[in-house]
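Here is the structure we will look at.
The values are calculated or read from the model by the stated rules, or taken from the named source; none is laboratory data. The model shown is predicted, which means the values in this text are computed figures rather than measured ones. Don't worry about glycine lacking a Cβ; one is built from the backbone with ideal geometry, like all the others, and counts go over all protein chains shown.
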Amino acid sequence: MLAMTGLDPNNKRIRLLARSLKEAGGVEVYYSGMYKSLEENAAEAVKLQVDLVGLSIYTGLHLAVFPEMRQALDAAGGKHISLFGEGLIPAQDAAALVDQGAASAVFASTLPINTIIEWITTRPVS
């Protein structure tokens, strides 16, 4: 599941990722849309029985949003769901989010979409 949260209007890249994943095949892709709360996205992920949520964020709130999304997933019964991110996220913040367990991986907006697709399609599924 690919998701956005809050009032972040920058959805071009997440839509490109969704389309590219569908074209690559081998994975089922669901884009939850814009302007949803973390809790709404977490509940939807659990309901859809996904094993991976990709959260796109360009607002600069990533250090708060990813830990909160991890908590929302856990509270909704999605402790088994991996969380990854993409967006305008500095490398040191991306490393901190992974180190603290808030995300499995975080990709900068400057990386090619194929880098994210390769990570998704080759990662071990829990």
(message) Filter the range 64-84 down to the residues that are touching a helix residue (DSSP H, G or I) at 6+ places or on another chain (Cβ under 9 Å) and free of Cβ contacts under 8 Å to residues at least 24 places away in the same chain and list them by number.
(response) Gln71, Asp74, Lys79
(message) Just the residues that are among the hydroxyl-bearing types (Ser, Thr, Tyr) and surrounded by fewer than 14 Cβ atoms within 10 Å (Cβ to Cβ), please, taken from the range 4-38.
(response) Tyr35, Ser37
(request) Give the number of residues within the range 44-63 that are assigned to a helix (DSSP H, G or I) and touching a helix residue (DSSP H, G or I) at 6+ places or on another chain (Cβ under 8 Å). (result) 4
(request) Looking for whichever is of a type outside the set (S, T, N, Q), out of contact with any Phe, Trp or Tyr (no Cβ under 7 Å at 6 or more places or on another chain) and modelled with pLDDT of 90 or more here; the options are Leu63, Leu2, Leu48. Which one fits? (result) Leu63
(message) Pairs please, first residue from the range 85-111 and touching a residue at least 12 places away in the same chain (Cβ under 8 Å), second anywhere and part of a loop (DSSP other than H, G, I, E, B) and among the polar types (S, T, N, Q), Cβ atoms under 6 Å, 6+ apart in sequence or on different chains.
(response) Gly87/Ser109; Leu88/Ser109
(request) Taking the options Ser109, Ser104, Ser82, name whichever one is at pLDDT below 95 and small (Gly, Ala, Ser). (result) Ser109
(request) Those residues that are surrounded by fewer than 23 Cβ atoms within 10 Å (Cβ to Cβ) and either over 17 Å from Ile14 (Cβ atoms) or of a type in the set (Phe, Trp, Tyr) (or both), I need them from the range 39-71; list them, please. (result) Glu39, Ala43, Val46, Lys47, Gln49, Asp51, Tyr58, Leu63, Ala64, Pro67, Glu68, Gln71
(message) When you check Asn41 against the structure, is it among the polar types (S, T, N, Q), in contact (Cβ under 8 Å) with a residue 40 or more places away in the chain and assigned to a helix (DSSP H, G or I), yes or no?
(response) yes
(request) Output the residue which, of all residues in the range 80-126 that are of a type in the set (D, E, K, R) and closer than 23 Å to Leu61 by Cβ, is surrounded by the fewest Cβ atoms within 10 Å (Cβ to Cβ). (result) Asp99
(request) Name every residue in the range 65-80 that is under 14 Å from the mean Cα position of the chain (by Cα), among the hydrophobic types (A, V, I, L, M, F, W, C) and over 15 Å from Leu52 (Cα atoms), in order of residue number. (result) Val65
